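> First, the structure itself, so that you have it in front of you.
The values are calculated or read from the model by the stated rules, or taken from the named source; none is laboratory data. Values in this document were obtained by computation on a predicted structure and should not be read as measured data. We place every Cβ from the backbone using ideal geometry, glycine too, and count neighbours over all the protein chains shown. The area values use the complete protein model at the heavy-atom level, side chains included, leaving out ligands, DNA and RNA. Shrake-Rupley method; radii C 1.70, N 1.55, O 1.52, S 1.80 Å.
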Amino acid sequence: MPEPLSLIDQAERQCLARGVRFTPIRRRVLEMIATSHGALKAYDLLDQLAKEHGAARPPTIYRALDFLLEQGLVHRIESLNAYLACHCPEHQHGFQLLICRGCGRVEEMHDDDLGTRLVASADRYGFSIERQTIELEGRCQDCTSQAAAMAENAQ
């Protein structure tokens, strides 16, 4: 996983190449998301940003998030209504999100074969996929190990 600063540098280069403005607010919102240990909700971002910029209001955050989503720099986790930095924003692709119900950690996974199979299946139905995000909920390895250790200690 790239370091947060390299993600910011990559975002700057990508925005420059596309001719779109990577404003200080957009940059700061991406920094907050990239340095978070989990997904962040819009109002969590607003609370953090308001400490730095007293004039920050919900539209400020939502405009920044819309921009970051359009540029492929963040992902929206529908089931959590939260945002996660994309660790490979240089290309558009389908992806899967592994969401731990224990600790809340979210990992981005890329199973290109799965994406290809889904596109082929949709084609058979005459359906054209425009966006592909799959959210998988379960337990990460750490939480699974902790639960096993607790069960073992309870015996």
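> Among the listed residues Ile33, Ile8, Ile61, which satisfies the condition of being under 28 Å from Ser145 (Cβ atoms) and under 16 Å from the mean Cα position of the chain (by Cα)? Spell out the reasoning first.
Working: Ile8 fails: under 28 Å from Ser145 (Cβ atoms); Ile61 fails: under 28 Å from Ser145 (Cβ atoms).
Residue meeting the stated conditions: Ile33.
> Next question, about the same structure. Does Ala56 satisfy being within 29 Å of Gly19 (Cα to Cα) and more than 13 Å from the chain's Cα centre (by Cα)? Break it down into steps so the answer makes sense when it comes.
Working: within 29 Å of Gly19 (Cα to Cα): yes; more than 13 Å from the chain's Cα centre (by Cα): yes.
Yes.
> Still on this structure, please answer the following. Look at Ser79 and say whether it is outside any helix (DSSP H, G or I), hydroxyl-bearing (Ser, Thr, Tyr) and open to solvent by less than 70 Å² (accessible area, probe 1.4 Å).
Spelling it out, Ser79 is indeed outside any helix (DSSP H, G or I), hydroxyl-bearing (Ser, Thr, Tyr) and open to solvent by less than 70 Å² (accessible area, probe 1.4 Å).
> Tell me the residue from Arg131, Arg124 that is of a type in the set (D, E, K, R), modelled with pLDDT of 85 or more, open to solvent by 90 Å² or more (accessible area, probe 1.4 Å) and over 13 Å from the mean Cα position of the chain (by Cα), please.
Sole residue among the options that is of a type in the set (D, E, K, R), modelled with pLDDT of 85 or more, open to solvent by 90 Å² or more (accessible area, probe 1.4 Å) and over 13 Å from the mean Cα position of the chain (by Cα): Arg124.
> Shifting gears a bit: Search the stretch 134-155 for residues that are aromatic (Phe, Trp, Tyr) and pair each with any residue that is surrounded by 12 or more Cβ atoms within 10 Å (Cβ to Cβ) and assigned to a helix (DSSP H, G or I) when their beta-carbon atoms are under 8 Å apart and the residues are at least 6 apart or on different chains.
Matching pairs, first to second residue: none at all.
> Considering only the stretch 35-65, how many residues are under 25 Å from His87 (Cβ atoms) and out of contact with any helix residue (DSSP H, G or I) (no Cβ under 9 Å at 6 or more places or on another chain)?
Qualifying residue count, the stretch 35-65: 4.
> Of all residues being under 27 Å from Ala122 (Cα atoms) and open to solvent by 60 Å² or more (accessible area, probe 1.4 Å) in the stretch 82-105, which is modelled with the highest pLDDT? Just the residue, please.
Checking each candidate, the answer is Leu98.
> Right, something else. From the residues in the stretch 42-76 that are in a helix (DSSP H, G or I) and of a type in the set (Val, Ile, Thr), which one is nearest to Met109 (Cα to Cα)? Outline the logic, then answer.
To start, the set of residues in the stretch 42-76 that are in a helix (DSSP H, G or I) comprises 42-52, 58-70.
Subsequent filtering for residues that are of a type in the set (Val, Ile, Thr) retains 60-61.
Working: Thr60: 30, Ile61: 26 Å.
Among those that are in a helix (DSSP H, G or I) and of a type in the set (Val, Ile, Thr), it is Ile61.
> Ok, one more. Inside the stretch 112-138, can you point out the residues that are assigned to a loop (DSSP other than H, G, I, E, B) and either touching a strand residue (DSSP E or B) at 6+ places or on another chain (Cβ under 6 Å) or farther than 21 Å from Leu80 by Cβ (or both)?
Selection gives Tyr125, Gly126, Phe127, Ser128, Ile129, Glu130.
> Of these, Ser79, Ser145, which one is touching a strand residue (DSSP E or B) at 6+ places or on another chain (Cβ under 7 Å) and small (Gly, Ala, Ser)?
Testing whether each residue is touching a strand residue (DSSP E or B) at 6+ places or on another chain (Cβ under 7 Å) and small (Gly, Ala, Ser) leaves just Ser79.
> Could you tell me whether the stretch 110-117 includes any residue that is under 21 Å from the mean Cα position of the chain (by Cα), in contact (Cβ under 8 Å) with a residue 24 or more places away in the chain and surrounded by fewer than 15 Cβ atoms within 10 Å (Cβ to Cβ)?
No: zero hits.
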